[in-house]
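Enquirer: Handing you this structure, nothing more for now.
FYI, it's all coordinate maths here, none of it is from the lab. These figures come from a predicted structure and were not determined experimentally. Here the Cβ positions follow ideal geometry from the backbone for every residue, glycine too, while neighbour counts run over all protein chains shown.
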Amino acid sequence: MANVLVLTTLLNLIASHYFFRLDLTEEKRYTIKAPTRQLLKELEDEVFIEVFLEGDLNPGFKRFQKSIRETLNEFRIYSNNKVQFIFTDPAQAMSEKAKNEFMNELSSKGVSGMRVIDNKDGERLEKIVFPGALISSNGFERGVMLLKGNRGRSSQEVLNQSIEGIEFELANAISTLSSMQRKKVGFLIGHGELDSLEIASFNNALLEKYDVVKVNLQRKAALSGYDALILAKPRIPFSEQDKFKLDQYLMKGGKLLMLLDKFEASMDSASGDNYFATPIETRLDDQLFKYGIRINAEIIQDRVSAKYPVVIGKVGNQPEIMQMEWPFFPLLNHYAEHPVTRNLDATLLRFVNSIDTVKATGVKKTPLMMTSVYSRKLGSPIKVGVDDLRKTPPENFKEGEIPVGYLLEGKFNSLYANRFLPTGVDSTSFLGQSTPTRLIVIADGDVARNDINPRTNEPQVLGTDVFSGYTYANLDLLLNMMSYLTDDQGLINARSKEIKIRPLDKEKLKNDKFFWQAINLIVPLIALIVFGFARAAVRKRKYASH
C-alpha cells in the first residue's frame, strides 16, 4: 500500500511539471490549433469573455453552448488562466424596459439577437437568443457572433458549422484586441476605384484590425511597408509605370486582393429597352495572364440569384410590382474546402465575369468561388434589361459551375522579365521572380460595394440586400481573404477544423429496434446469471477441497 501511495505521489509531481492533453476523437474536435495555442500562451493582458447563450435553450443551442464552454475551458488552460469567461442570459433583466435596453446595447456592439421558434408540449414558443459574446481586454471590447454558417443547409448543419468555427471566431477577436503591432493595408486609388462611401462598410471592418491607408500609385514612389494591397473595381486604364509598381510589389512578397470587373452596368438604366453593359479597360489583362489567370469578357447569369422588383403590369393607374429573380445578381453558395471559404454563407455578386487559368510555373491555383450548376455566360455585346427576365427559358442555364474567384500562391514571374522596363521607373532593385506570396482575384468589383441609404446617405452593412433585408456573407468573405493574405501565424487555419455529424440510420433503427432492445435487456441478465453460477462453482471447488 505504501508503494502505491509513493508511486501516485511521484506521478502527480511529474504531471505538474509536464502539461499535456489527449484528444481521442477521430477528427480531433477538442484539439486547439497550434497558432491559437501560441496566441494564448503569449497573452500579456487578461481577457474576459461574456457569452450570452444562456437560459432556456432548445437541444441544438444547448449542444452549441456546450461546445463554446468546452472551447473556452481549453482557452483558459492554454492561457494559464488569463482567459476568463461567464455565461449570461440577456432575458434575466429585472424589467421589460431594462431587458430591451440591454438587448439594444448588445446589438450596437455587434451581438445580434435572433428569433427562435420551438414547439413544446404542443405550444408554439418564440424566444430571442443571442448566440454571441463580448470579449474585453486592455480597456477595449469587441462583439463576436458565434452562430455562422451556410444558411442554405439544415439548422443542425448550420449549428455544426458554427461549432467548427468557434475557435477561429474567438481567437481572431482575442488577437485583434491583444495585438500591439497592427498590420498595414493599403486601398489603391487613382484609377476610378470604388469611392470612400461605397466601400465604407469594408473599410470600417478592416480598421478594427488593421491600419488602413489610401495609396495612389501615381504619387507613391514605393509600396514597401504594406502587408497587403486592395484594388477594388478600377475603371481607368493603368499606365505601364503603375503596372510596374504593382508587379514589383508582388515580386517582393507583397499580397494582393484584386476585385475586378470587365463591364460596367447600371440598374438605373436596366429598365430601358436597349441598354447594354459597357466594357471596362484597365490594361491589366497581360499582367494577370502572366500570373496565371484570365478574366473573360463575358457576364454570367445564374438562376440561383437575388430578386429585383419588376413592374409586371398596372392595377388601375398604379404599377404592379413583383420581385423576380435577377440572374445578373448571382448568389454564390459553392465554395472550395479552404479556410477562406469554409462554412461560409451565400455571397451576393453583381454582374460577375468568368475566370480561366493559364499555365504559370510555380503557381498553385485554387478556385475559391463558383456559381451554381444553373448558370450561363453571355458574350459581348451584353444586353441588360429587366424586361428580358420573363423571356429567357430555364433550359438555357446549363453551363454548370463557373469559377469567379481564385487564390494564387507560389513564386510568380514578373510581367517585365526579359522585357524593356517602362521609362522613368527605378530599375535598381528589379526582380524577375517573386518570393513565395499570395494573390486573390475576384471577377466582380461590386463584391466590396455597400449600398447607401438614400434617405440618410449612410452606408449600409456590406452584403445587405435592400429588397429582402437579408445580409449575405460578402463582408465575412473579404475579411477572411485579408486574414489569409496577412496572417503569417496561420490563425485562420483554425477555420479548417471539422466536426462530423454521425446521425443514426432511422430506417435501420426502426427495423432493428426490437433486436437491440432485447440485446440490451437480456444479455446483461444472462451475463449476470453466468457470472453467478461461475462464482458459485469456483467457491464450491475451493472450499470443498478443504
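Enquirer: Treat each spin label as a single point 7 Å out from the Cα along the C-beta direction, and report the PHE276 to ASP211 distance in nm.
Expert: 4.9
Enquirer: Looking at the P(r) of region 29-178, how many percent of alpha-carbon pairs lie beyond 20 Å?
Expert: 50
Enquirer: With the dipole of the chain worked out from charges on the C-beta (+1 for Lys and Arg, -1 for Asp and Glu) around the Cα centre, which of THR282, ALA537, ALA265 lies farthest toward the positive end?
Expert: Final value for the positive-end residue is ALA537.
Enquirer: Right, here's the next one. Using just the helices of the chain, give the 222 nm mean residue ellipticity in deg cm²/dmol: DSSP H runs with n ≥ 4 each add -39,500 (n - 2.57), and the total is spread over all residues, rounded to 500.
Expert: Using -39500 (n - 2.57) per qualifying helix, the result is -9500 deg cm²/dmol.
Enquirer: Lys/Arg Cβ at +1, Asp/Glu Cβ at -1, dipole of the chain taken about the Cα centre: which of LEU134, LEU106, ILE295 is farthest positive-ward?
Expert: About the Cα centre, the residue reaching furthest to the positive side is LEU134.
Enquirer: Next question. Along the positive direction of the dipole of region 184-496 (beta-carbon charges: Lys, Arg +1; Asp, Glu -1; about the Cα centre), which of PRO319, LEU477, TYR308 reaches farthest?
Expert: Positive-most Cα among the choices belongs to LEU477.
Enquirer: Based on a Kirkwood Rh over C-alpha pairs, give the Stokes-Einstein translational diffusion coefficient of the chain at 4 °C and viscosity 1.567 mPa s in µm²/s.
Expert: For the chosen part, D equals 47 µm²/s.
Enquirer: Now, a different point. Which net charge results when you count Lys and Arg as +1 and Asp and Glu as -1 among the other residues whose beta-carbon is under 9 Å from that of ASP476?
Expert: Combined, the nearby Lys, Arg, Asp and Glu give 0.
Enquirer: Then there's this: Given H placed on each backbone N at 1.01 Å, which residues far from VAL213 in sequence or on other chains put an amide H within less than 5 Å of it?
Expert: Result for VAL213 returns VAL185, GLY186, PHE187.
Enquirer: Assign unit charges at the C-beta atoms only (+1 for Lys and Arg, -1 for Asp and Glu), then state the dipole size of region 29-178 relative to its Cα centre in Debye, rounded to the nearest 20.
Expert: Dipole about the Cα centre, nearest 20: 420 debye.
Enquirer: Compute the length gained on full extension between GLU337 and GLU409: take 0.36 nm times their separation in residues and subtract their Cα-Cα distance, giving the result in nm to one decimal.
Expert: 24.3 nm
Enquirer: As a footprinting exposure proxy, order HIS191, HIS338 by other Cβ within 10 Å, with the fewest listed first.
Expert: In order of increasing Cβ crowding within 10 Å: HIS338, HIS191.
Enquirer: Let me ask you something else. Given charges of +1 on the Cβ of Lys and Arg and -1 on the Cβ of Asp and Glu, with all other atoms neutral, how large is the dipole of the chain about its Cα centre, in debye to the nearest 20?
Expert: For the chain, the charge dipole is close to 2280 debye.
Enquirer: What FRET efficiency do you get for ASP286 and ASP89 if R0 is 56 Å and r is their Cβ-Cβ distance, rounded to the nearest 0.05?
Expert: 0.40
Enquirer: Let me ask another. For the pair LYS383/ASN204, report the inter-label distance in nm, with labels modelled 7 Å from Cα in the Cβ direction.
Expert: Between LYS383 and ASN204, the label points sit 4.1 nm apart.
Enquirer: A follow-up question, please. Determine the gain in length on full extension of the stretch SER179-ASN396; use 0.36 nm per residue of separation and subtract their C-alpha separation, reporting nm with one decimal.
Expert: 72.9 nm
Enquirer: Between GLN38 and SER155, what is 0.36 nm times their sequence separation minus the Cα-Cα distance? Round to one decimal in nm.
Expert: Gain in length upon complete extension: 38.8 nm.
Enquirer: Give, as a single signed number, the net charge of other residues whose beta carbon lies under 13 Å from the beta carbon of ASN204, with Lys and Arg counted +1 and Asp and Glu -1.
Expert: Local net charge: -2.
Enquirer: Which longest uninterrupted range of the chain lacks any GluC sites (Glu not before Pro) assigned by DSSP to a loop state (not H, G, I, E or B) and surrounded by at most 16 other Cβ atoms within 10 Å?
Expert: Looking at the chain, 47-207 is the longest stretch - no exposed GluC sites (Glu not before Pro) with at most 16 other Cβ atoms within 10 Å.
Enquirer: Run the numbers on region 29-178 and let me know its relative contact order in percent, using alpha-carbon pairs under 8 Å that are six or more apart.
Expert: Here the relative contact order equals 27 percent.
Enquirer: For region 314-377, which trypsin sites (Lys or Arg not before Pro) pass both filters: DSSP loop (anything but H, G, I, E, B) and at most 13 other C-beta atoms within 10 Å?
Expert: When the trypsin sites (Lys or Arg not before Pro) of region 314-377 are filtered for loop state and at most 13 Cβ neighbours within 10 Å, LYS359 remain.
Enquirer: Quick one: which residues, 5+ away or cross-chain, put their amide H under 5 Å from the amide H of ALA306? H built at 1.01 Å from N.
Expert: For ALA306, whose amide H was placed from the backbone, the distant partners under 5 Å are TRP326, PHE329, LEU331.
Enquirer: Per Stokes-Einstein, at 20 °C and 1.002 mPa s, what whole-number D in µm² s⁻¹ belongs to region 201-272, with the Kirkwood radius over Cα pairs as the hydrodynamic radius?
Expert: 149
Enquirer: Could you tell me which of the pairs LYS127/LYS148; LYS66/LYS109; LYS97/LYS183; LYS307/LYS411; LYS183/LYS359; LYS233/LYS377 are separated by over 30 angstrom between their Cα atoms in the structure shown?
Expert: In this structure, LYS97/LYS183; LYS307/LYS411; LYS183/LYS359 lie more than 30 Å apart at Cα.
Enquirer: Let me ask something else. What percent does the relative contact order of the chain come to when contacts are Cα pairs within less than 8 Å and at least six residues apart?
Expert: Relative contact order comes out at 14 percent.
Enquirer: Can you tell me what share of the DSSP beta bridges in the chain is antiparallel? A percent to the nearest 5 is fine.
Expert: Rounded to the nearest five, the antiparallel share is 70 percent.
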